[in-house]
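The block underneath contains the structure these notes are about, expressed in structure tokens.
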Amino acid sequence: MRWDNLVENPATTGNSALFTADAVTTRTFDTPEFRGITFHEIRARSIVNRVPGASRMPFEWTVNPYRGCSHACVYCFARKTHSYLDLDTGLGFDSQIVVKINAPELLRGQLASSRWHGAHIAMGTNVDCYQRAEGRYRLMPGIISALRDHANPFSILTKGTLILRDLELLRQAAEVTDVGVCVSVGFVDEALWRTVEPGTPSPLRRLDAVRTLSENGIDCGVLMAPVVPFLGDHPDQLRATVRAIAAAGATSVTPLVLHLRPGAREWYMQWLGDHHPHLVRRYERLYAEGAYAPKWYQRRITRHVHELATEFGIGPSHRGTARRLPTRKERPAPPDGPGATQLTLL
């Protein structure tokens, strides 16, 4: 495994590698929820990453405490990143999880630096920070606490209902800075969910999390992603999904059509050939120009979802202004956290 050649952007980190081979501890746990998964615990050299300038992302900085993801979504665009470690981008991505065990302390140090100016930090944009491993390693409470204590704005994108464990921390952070939470639910079709997102909580469980977050004062939008061509894009399926999103109290819904980058494309097309061979040629034509579906198709899906959102009364989310940082005396103490909590899949 090629641990020593993991290079981040040296212009922003000043480091030539994220960690060294002697900083890696490999573990397995013989429990039902972790059977077949190998964890590579590392002490990372940096944790705040700059998004490449050419990226389409609307944010500049990210924090990713994990690499690889037990959600095992067959379409996950982040699969390619496992090849940087000489790890398999198929089953290896689902079962070989890199854990940056010092992520909270690294982040706290970064936020305290005079060179850091409080830019928005996005999480869950590469792999899910509330995947199953988080139930054991509990990195997110320390990360959210650091962001709260420095009144640093942040957002979280997740398919994991485990985010509810940190509800009180999110509420505390929202009192002092902008906090955005978005849950990913591309469809509510259970048969489709079980085959393309086998390691995730069910879509309805995720929408229950949206409801709970909203009821507790955390504005929560839904990223309706991915809309899966020919499997999840029928008008009746789109209507059922948007109706369920509205019923959960989401503040917004943003559709995103499936995209197939290198690494993910090969794994997804293999899955498609095994489960829906009659669709392979249609996919080859639809994605003939690259990773993204044609603009006409994306526009059609977006327009339809927006019309349904209007029909079901989902309005746009409105972010508040950054709030003041409380003094040390009035700053709320972190709660006594519960023991390790595991993700419930059903």
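Structure notes:
- Annotation for the range 240-252: no member residue is within 25 Å of ALA133 (Cβ to Cβ), open to solvent by 30 Å² or more (accessible area, probe 1.4 Å) and touching a residue at least 40 places away in the same chain (Cβ under 8 Å).
- Of everything listed in (1) in contact with a strand residue (DSSP E or B) (Cβ under 8 Å, 6 or more places away or on another chain); (2) outside any strand (DSSP E or B), the single unmet condition for LEU223 is (2).
- Boolean, GLN131 is open to solvent by less than 40 Å² (accessible area, probe 1.4 Å), touching a residue at least 60 places away in the same chain (Cβ under 8 Å) and either in contact with an Asp or Glu (Cβ under 7 Å, 6 or more places away or on another chain) or assigned to a helix (DSSP H, G or I) (or both): no
- VAL228 open to solvent by less than 10 Å² (accessible area, probe 1.4 Å), more than 26 Å from LEU167 (Cβ to Cβ) and under 21 Å from the mean Cα position of the chain (by Cα): yes
- Boolean, PRO198 is in contact (Cβ under 8 Å) with a residue 24 or more places away in the chain and under 22 Å from TYR268 (Cα atoms): yes
- Number of the condition not met by ARG261 [criteria: (1) in a helix (DSSP H, G or I); (2) open to solvent by 40 Å² or more (accessible area, probe 1.4 Å)]: (1)
- Residue count, the range 80-128 (criterion: among the polar types (S, T, N, Q), over 21 Å from PRO198 (Cα atoms) and buried (at least 17 other Cβ atoms within 10 Å of the Cβ)): 2
- Inspection of the range 142-157 identifies at least one residue that is among the aliphatic types (A, V, I, L, M) and in a strand (DSSP E or B).
- Taking the numbered list (1) within 21 Å of SER70 (Cα to Cα); (2) part of a helix (DSSP H, G or I); (3) open to solvent by less than 60 Å² (accessible area, probe 1.4 Å); (4) in contact with a Ser or Thr (Cβ under 8 Å, 6 or more places away or on another chain) in turn, MET269 passes all entries but (4).
- The residue of the range 32-63 that is modelled with the lowest pLDDT, among those that are in contact with a helix residue (DSSP H, G or I) (Cβ under 9 Å, 6 or more places away or on another chain), open to solvent by 50 Å² or more (accessible area, probe 1.4 Å) and not in a strand (DSSP E or B), is GLU33.
- Taken as a whole, the structure leaves ARG165 outside the set of residues that are surrounded by fewer than 20 Cβ atoms within 10 Å (Cβ to Cβ) and not small (Gly, Ala, Ser).
The values are calculated or read from the model by the stated rules, or taken from the named source; none is laboratory data. For clarity, every value in this text was computed on a predicted model and none was experimentally measured. Ideal geometry is used to build each Cβ from the backbone, glycine not excepted, and the neighbour counts take in all protein chains shown. Please note that ligands, DNA and RNA were not included when accessible areas were found on the heavy atoms of the full protein model with its side chains. Shrake-Rupley method; radii C 1.70, N 1.55, O 1.52, S 1.80 Å.
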